[in-house]
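Structure first, then comments.
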Amino acid sequence: MKKTLILFTLLLLTGCDDLLDEAPDNRQEIRTVEDAAELTVLAYSRGSYIFTEWLTDNVVKPNGNRIDDWHIENFRFETVESEINQDTPSFFWENTYAAIAQANQALDLLESITEIDDQENFDAVIGEALITRAYNHFMLANVFCLHYSEENKGSLGIPYITAPETSLFVEYDRGTLEETYQKIREDIEEAIPLINDDYYKGSKKYHFTKRAAYAFASRFYLFVNDYENCIKYSNLVLGEDILTSDSFRDMDEVFSGANSTQISSQFLDPDSPANLLLVRTSSFAMRYSRGYRATTAIFREIFENNIQNTDDHRDLRYSFSCCDARQQPKFRENFIFSTATTGVGYSVNVDLRAEETILNRMEAYVMTDQTQKALDDYNTFAPSRYENGGQLELQTIMDFYEMAEREAMLEFIISERRKEFLNESIRWFDIKRFNISVTHVDNTETNLDRVSESQIYTLEASDLRKAVQIPPNYSIRGIQPNPR
């Protein structure tokens, strides 16, 4: 069934056919490889998906925080209808499709170029446009669709846009999740051979380098249960043998400093080999006095009750005098002033980092009966996380979780992922992939016996609401909403 998709932000790039019949003035037309490369700079979404962190078991209602209506809707697993601005699902949807439009415009321009002076640079721009298109669609699918599995692959996908819009109203079919993922796979596999790090300037970390593309492929293939390809691309990031210092940073060093600004600068450092892709988003995610957040109780649950029984260097809890919220300094607010006193806030996020690839490979090793390799990865990685070096044997993990080998290792890896990516929204993807239920209590009371049932909201293991609802401002224009 055809549905109408309106991406009004794309009108910045395209317009109605009649208006394009002749140039309105004598400004230079976009027609060179360099012009296309400038378009790909904007093919990284400004929209943050931090709201998915607030759907997880990493947050509660803290005392003293500012709670807006859309925060309440999101925390209660309801459709976010009251707000469409920064950090909301609507803002993420709109800005991510706008980024896809930039990639498509670049690809369309490149197709029109017949005389190519530098084939490597030409191919590099195509590669970046394709990989950003794949990544943006992948993130949209992982937010607004169910997780990919044999049972869910016939469920609704997302509109996969592969050409610039030339009309205000364009009809699209959401298709199936399997069809969406197949198109993502095709774009990834076409893009990776074309990406050329030498084309980028500076730190290169604000673009898809080869390592960043490999890390994305590692995540993609893990999420579709293609463990051999996950291992293949993880190896291209990490090397096939023993992990090196390029694969991770020492969190005791990163989370040490005079203040949160210094610490966040160390975490976000583009020169760190472990940081693979940095993306600037229009977000207030760093303002921990807003919305539902982690508290001391959450930090204790995540970091203290664990198999190591020792200090975890990732357990850094910054607090505020106004409220009970706690933060890790992984974000830093920047500000672009439009006047002397007003402007727009933004943050820089580490969208892809090598530590994720280590944990991806560990999971893939476990699922392909290579448990010792997974444990070897962990024991190389652990000294940079735990005060006592973190070395573990398989039997210790099995005894702790009281499970068989594979199940115990998976539980252990899920726990490590939760610690590693607190406040980075990766937890939401794991909640979907592993069918984890979540219960939220919209009350600051810690004793559940004193909480009204009307204040308890549960997201069941296979809950359809794990596919975040299509923003109402788009569903009313024809995009098929997710079933409830």
- Query: So, of the residues in region 233-252 that are assigned to a helix (DSSP H, G or I) and touching a Ser or Thr at 6+ places or on another chain (Cβ under 7 Å), which turns out to be surrounded by the fewest Cβ atoms within 10 Å (Cβ to Cβ)?
  - Reply: Met251
- Message: Here's a check for you: in region 407-457, which residue that is of a type in the set (Lys, Arg) and within 24 Å of Ile72 (Cβ to Cβ) is farthest from the chain's Cα centre (by Cα)?
- Response: Arg450
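The rows are residues; the columns are (1) over 30 Å from Ile67 (Cα atoms); (2) among the charged types (D, E, K, R).
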{"position": "Tyr365", "(1), (2)": "yes, no"}
{"position": "Ala374", "(1), (2)": "yes, no"}
{"position": "Asn379", "(1), (2)": "yes, no"}
{"position": "Lys419", "(1), (2)": "no, yes"}
{"position": "Asn443", "(1), (2)": "no, no"}
{"position": "Leu448", "(1), (2)": "no, no"}
{"position": "Val451", "(1), (2)": "no, no"}
{"position": "Ala461", "(1), (2)": "no, no"}
- Query: Does Thr458 qualify as being at pLDDT 95 or above and either surrounded by 17 or more Cβ atoms within 10 Å (Cβ to Cβ) or in a strand (DSSP E or B) (or both)?
  - Reply: yes
- Members of region 287-311 found to be touching a Phe, Trp or Tyr at 6+ places or on another chain (Cβ under 9 Å), buried (at least 20 other Cβ atoms within 10 Å of the Cβ) and not small (Gly, Ala, Ser), listed by number: Tyr288, Tyr292, Arg293
- Message: Take the conditions of a type in the set (A, V, I, L, M, F, W, C), in contact with a Phe, Trp or Tyr (Cβ under 7 Å, 6 or more places away or on another chain) and either more than 24 Å from Ile298 (Cβ to Cβ) or modelled with pLDDT under 95 (or both) and apply them to Ala36. Does it pass?
- Response: no
- Message: Checking the structure you have, find out if any residue of region 116-123 is surrounded by 21 or more Cβ atoms within 10 Å (Cβ to Cβ) and touching a Pro at 6+ places or on another chain (Cβ under 9 Å).
- Response: no
- Among the residues listed as Tyr378, Tyr365, the single one being surrounded by 22 or more Cβ atoms within 10 Å (Cβ to Cβ), touching a residue at least 60 places away in the same chain (Cβ under 8 Å) and under 28 Å from the mean Cα position of the chain (by Cα): Tyr365
- Item | Search result, residues across region 35-77 that are in contact (Cβ under 8 Å) with a residue 24 or more places away in the chain, of a type in the set (D, E, K, R) and out of contact with any strand residue (DSSP E or B) (no Cβ under 8 Å at 6 or more places or on another chain) | Asp35, Glu53
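Residue by residue, here is whether (1) touching a residue at least 40 places away in the same chain (Cβ under 8 Å); (2) farther than 19 Å from Tyr44 by Cα holds:
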| position | (1), (2) |
| --- | --- |
| Asn95 | yes, no |
| Thr132 | yes, no |
| Tyr135 | yes, no |
| Tyr148 | yes, yes |
| Glu151 | no, yes |
| Ser155 | yes, yes |
| Ile161 | yes, no |
| Asn196 | yes, no |
- For Glu78, are the conditions met, namely being touching a helix residue (DSSP H, G or I) at 6+ places or on another chain (Cβ under 9 Å), charged (D, E, K, R) and crowded, with 20+ Cβ neighbours inside 10 Å? no
- Query: What are the pairs, 6+ residues apart or on separate chains, where a residue within region 315-336 that is modelled with pLDDT of 80 or more and crowded, with 17+ Cβ neighbours inside 10 Å has its Cβ under 7 Å from a residue that is of a type in the set (Lys, Arg) and in a loop (DSSP other than H, G, I, E, B)?
  - Reply: Arg326/Arg317
- The listed residue being of a type in the set (A, V, I, L, M), surrounded by 15 or more Cβ atoms within 10 Å (Cβ to Cβ) and within 21 Å of the chain's Cα centre (by Cα), out of Ile100, Ile126, Ile72: Ile100
- For region 207-232, how many residues meet the condition of being surrounded by 17 or more Cβ atoms within 10 Å (Cβ to Cβ) and either part of a loop (DSSP other than H, G, I, E, B) or charged (D, E, K, R) (or both)? 8
- Query: Is one or more of the residues making up region 147-160 closer than 20 Å to Val279 by Cβ and part of a helix (DSSP H, G or I)?
  - Reply: no
- Residue check, Glu189 surrounded by fewer than 16 Cβ atoms within 10 Å (Cβ to Cβ) and at pLDDT 95 or above: yes
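The values are calculated or read from the model by the stated rules, or taken from the named source; none is laboratory data. These numbers were taken from a predicted model, which means no experiment stands behind them. Ideal geometry is used to build each Cβ from the backbone, glycine not excepted, and the neighbour counts take in all protein chains shown.
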